[in-house]
Amino acid sequence: MIDIENNKYFHLHNENISYLFYVMENKELGSLYFGKALGDLSIDDLTYISTYHNPSAGVVNFSPNIPNFTLADRRQEYPTYGTSDFREGAINLSRDDEYLYTDFVYESFEVKKGIARNLSFPSAYGDDGEELIIKLVDKGHELELYLSYFIFPQVSAIVRQVQIKNVGKYALTVENLQSSVLSLPNSNYDFLQLSGAWTKERHIKKRPLVQGITKVESLRGASSHQENPFIALVDKNVTNSTGEIYASNLIYSGNFVSQVQVDEWNTTRLMTGINPQQFCWKFEKDESFTSPQAVLFYTSNGYNGLMRQTHSFVKNHIVDLKWKKRKRPIVLNNWEATYFDFNEDKLLNLAKQAKALGIECFVLDDGWFGKRDNDRTSLGNWTVNMRKFPQGLGHFSDQLHALGLQFGLWFEPEMVSPDTEIFKKHPDWIVHHPYERYSVGRGQYVLDFANPEVVDNIYQQMAHILSNIKIDYIKWDMNRNITEAYSPYLKKQRLPQGEFFHRYIQGVYHLYEKLLRHFPDLLIEGCASGGGRFDLGILFYSPQIWPSDDSDALERLDIMQGTLLAYPLSTFSNHVSAVPNDQVKRMTSLSFRQNVACFGPLGYELDLNKLSEKEKEEIKQEIRWYKENRNLLVNGKFDELLSLNNNNTYAWSVSSKRKQIIGFYRKLARPNEELDQYLIPSNIDLNAQYQINDHTLVSGNVLHNFGLREPYQFNAANENTAELFGDFQSYLYQLVHK
Ligand code: GLA
């Protein structure tokens, strides 16, 4: 999987992809290829591939010793700015007030097999993985640079990471250290991003690449609702099953940048990493700084091909593997059912009804602690509200467990309210600038998680609850972004404030690590006002995330469609909520809401007292059916069956060898629509027979060529012909391989 020729050519490959780079004339690393597998390459092949015709002779030469050599147009593995390349570089360093113009030349390599899961910082892992570490040195500046490349046999992805080490005598500052660079020979792609806002996260947006920089980023202290670190360069004619896609994601939850620069020769440089704005890291002699990891994907099989890779990567190399085997519980979350207005009796009544419906876990959301009856108070005071739970929370938990339900509990560990004791005692524990006003968001302050003492205090409070009460699940929320970024702790430590954002996120990961080390069976659900931190960093610890505070099933269609390009179904918490929906006041049928929510881990978030007997029966049936198909719906192979350009109809499929479930959804009814709406299922065995919805039997060949014929009409024009009337319609198909 890792071939090295002549100490010069490096070829990482598996059955599907090849990634190739080499040592250039100036001894820096040049990029040669990322794409379909090339198989074994001879030295002649490698020499041929690396033959270079310089289009830009005449611009600044790199070195007088290598005539006609310039970096200006070179595709490089880890470019620096400031010599003969005027594009943005991947690394910027300074000493006192001076910038360093570094020149990292190849020195040696090392190969390691097997990559262990290490809870201290999110990173890809896998026993079958291999790592190639390239050591580069800049003798003049007394620096070592280590470029790591990871490859796994089963996924078309290369994971990259960078470490810079100071072996000189002076303290230096990292101003920028991107995690990965991908250099492509042309720019004939659309730039795809997952963007939106609170309550409408990760919608697919595309724009053509043109000369210059195209980027998405976050400066909010979290990966954000607005942008996601995932980006893709997609073939202009991409379909669900054809077309090349290069995609990139970052295993990180803080400020990031994912950008593409197209130069005057139309070559493309994609970089992703910690956002260099508001960032620096000081490192002294013998100290080093390591970037988060980034992952690069390749497919030539369109969006479904991409999802095959991104989903497999997340399930097998990011999320803890144990969550693939363990059942994700069907939850009832009380937030939209009660908001802050509850007590033990009210909740127990809901829990009993939930149990009767087949629900498996009761998640107690915000409002169980301190004197929290609204969102202005008590964060950071993780003691039980005895008015709401007169016999303590342990008593409530015991009753849930006696009913046969698991118990989940909400925390917002990173925040504090102004009236909380720890804030009054330690006003310096919050993120705030000493000289200026500071902003309050949702009535709360952000705790300075760069300060280990703060993280430890919150850990102790949480551990006290978790050790004394049987808790199976926690929901970790984070409801405001960071403003006036400044850490009083770093000031005391005489560390630069530019380190704050990264140290904050390290503090977040440290708390996750401590919790999971001491309570390894906890299922931690991620959340940040819905999907404000839906990223690979959080997924390393939390197998699933609440994707959005908009629980409207219609809005979820777009959120899920976008999110699914980068993250598998198993990472979603999907809840069926009440109508009219609390966020948009839309009315949709219970069956529509259940048909959307059942793709992935299922939950309910509504007042069960308000349901009719008929609705309860419908939910019971759904849950019974879901339990039979849960593994397929959470872990099955996912495919989009309709074009992603169409934002009125959606069709999703999950399949295994034996069974396929297809959900069809239509937002608005339109009269007299064209009749080419027959859905072609995915992964059909042409020689097999399939049973559709327990009756019709049809051959794979016919199904593959003619598609699904029932309901015959998705239109809504005429009662005699239409089978799905009106807006917000859905239909579920089940195909069983006979
Ligand atoms: C955030 C979450 C919601 C809920 C509330 C509670 O908005 O996204 O799901 O937990 O906080 O305050």
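The values are calculated or read from the model by the stated rules, or taken from the named source; none is laboratory data. Owing to the predicted nature of the structure, the values given are computational and were not obtained by experimental measurement. All Cβ positions, glycine included, derive from the backbone under ideal geometry; neighbour counts span all protein chains shown. Side chains are part of the model used for accessible areas, which takes the heavy atoms of the whole protein and leaves out ligands, DNA and RNA. Shrake-Rupley method; radii C 1.70, N 1.55, O 1.52, S 1.80 Å.
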Could you tell me whether residue 459 is of a type in the set (Ser, Thr, Tyr), within 16 Å of the ligand (Cβ to nearest atom) and either buried (at least 16 other Cβ atoms within 10 Å of the Cβ) or outside any strand (DSSP E or B) (or both)? no
Here's a check for you: in the range 524-539, which residue that is within 13 Å of the ligand (Cβ to nearest atom) and under 9 Å from the mean Cα position of the chain (by Cα) is surrounded by the fewest Cβ atoms within 10 Å (Cβ to Cβ)? 533
When every residue in the range 462-473 that is under 27 Å from residue 531 (Cβ atoms) and out of contact with any helix residue (DSSP H, G or I) (no Cβ under 8 Å at 6 or more places or on another chain) is compared, the one nearest to the ligand (Cβ to nearest atom) is 473
Going through 686, 697, 632, 642 one at a time, which residue ends up being over 29 Å from residue 323 (Cβ atoms), within 28 Å of the chain's Cα centre (by Cα) and surrounded by fewer than 20 Cβ atoms within 10 Å (Cβ to Cβ)? 642
Output for the range 385-405, where each listed residue is surrounded by fewer than 21 Cβ atoms within 10 Å (Cβ to Cβ) and part of a loop (DSSP other than H, G, I, E, B): 385, 386, 387, 389, 390, 391, 392, 404
Can you name every residue in the range 338-363 that is basic (Lys, Arg) and either open to solvent by less than 70 Å² (accessible area, probe 1.4 Å) or within 19 Å of residue 621 (Cβ to Cβ) (or both)? 355
Between a residue in the range 507-523 that is closer than 16 Å to residue 543 by Cβ and any residue that is crowded, with 16+ Cβ neighbours inside 10 Å and of a type in the set (Lys, Arg), which pairs come within a Cβ distance under 8 Å, given they are 6 or more apart or on different chains? 523/328
For the range 291-304, enumerate the residues that are surrounded by fewer than 24 Cβ atoms within 10 Å (Cβ to Cβ), at negative phi and in a helix (DSSP H, G or I). 304
Based on this model, can you work out whether residue 169 counts as in a loop (DSSP other than H, G, I, E, B) and open to solvent by 50 Å² or more (accessible area, probe 1.4 Å)? yes
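This table checks each residue for (1) exposed (fewer than 14 other Cβ atoms within 10 Å of the Cβ); (2) of a type in the set (Asp, Glu); (3) at positive phi; (4) assigned to a loop (DSSP other than H, G, I, E, B).
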position	(1), (2), (3), (4)
27	no, no, yes, yes
30	no, no, no, no
45	no, yes, no, no
53	yes, no, no, yes
70	no, no, no, yes
99	yes, no, no, no
114	yes, no, yes, no
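One line per residue, one yes/no per condition, for (1) open to solvent by 20 Å² or more (accessible area, probe 1.4 Å); (2) in contact with a strand residue (DSSP E or B) (Cβ under 8 Å, 6 or more places away or on another chain):
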| residue | (1), (2) |
| --- | --- |
| 159 | no, yes |
| 175 | yes, yes |
| 184 | no, yes |
| 192 | no, yes |
| 198 | yes, no |
| 214 | no, yes |
Sort out which residues of the range 364-384 are within 16 Å of the ligand (Cβ to nearest atom) and open to solvent by 10 Å² or more (accessible area, probe 1.4 Å), and write them in order of number. 370, 371, 373, 374, 375, 376, 377, 381
Of the residues that make up the range 540-560, is at least one in a loop (DSSP other than H, G, I, E, B), more than 16 Å from the ligand (Cβ to nearest atom), open to solvent by less than 10 Å² (accessible area, probe 1.4 Å) and modelled with pLDDT of 95 or more? yes
Mind checking whether some residue in the range 440-452 is within 16 Å of the ligand (Cβ to nearest atom), charged (D, E, K, R), open to solvent by 20 Å² or more (accessible area, probe 1.4 Å) and touching a residue at least 24 places away in the same chain (Cβ under 8 Å)? yes
Among (1) touching a strand residue (DSSP E or B) at 6+ places or on another chain (Cβ under 9 Å); (2) open to solvent by 10 Å² or more (accessible area, probe 1.4 Å); (3) closer than 30 Å to residue 686 by Cβ, residue 589 falls short only on (3)
Search result, residues across the range 243-258 that are open to solvent by 10 Å² or more (accessible area, probe 1.4 Å) and touching a Ser or Thr at 6+ places or on another chain (Cβ under 8 Å): 243, 244
Restricting attention to the range 562-570, does a residue exist that is in contact with a strand residue (DSSP E or B) (Cβ under 8 Å, 6 or more places away or on another chain), within 16 Å of the ligand (Cβ to nearest atom) and open to solvent by 10 Å² or more (accessible area, probe 1.4 Å)? no
In the list 437, 517, 503, 494, which residue meets the criterion of being modelled with pLDDT under 95, away from the ligand (no atom under 16 Å from the Cβ) and either open to solvent by 20 Å² or more (accessible area, probe 1.4 Å) or assigned to a loop (DSSP other than H, G, I, E, B) (or both)? 437
The range 607-629 - residue that is among the polar types (S, T, N, Q) and more than 17 Å from residue 574 (Cα to Cα) and, of those, surrounded by the most Cβ atoms within 10 Å (Cβ to Cβ): 621
Among (1) assigned to a strand (DSSP E or B); (2) touching a helix residue (DSSP H, G or I) at 6+ places or on another chain (Cβ under 6 Å), residue 525 falls short only on (2)
Condition met for residue 237 (over 25 Å from residue 85 (Cα atoms), open to solvent by 60 Å² or more (accessible area, probe 1.4 Å) and either of a type in the set (D, E, K, R) or over 23 Å from the mean Cα position of the chain (by Cα) (or both)): yes
Can you tell me which residue among 406, 353 is among the polar types (S, T, N, Q) and either touching a Cys at 6+ places or on another chain (Cβ under 8 Å) or not assigned by TED's automatic domain parsing to the domain that holds residue 335 (or both)? 406
Given the criteria over 21 Å from residue 3 (Cβ atoms), in the same structural domain as residue 33 (by TED's automatic domain parsing) and in a strand (DSSP E or B), does residue 147 qualify? no
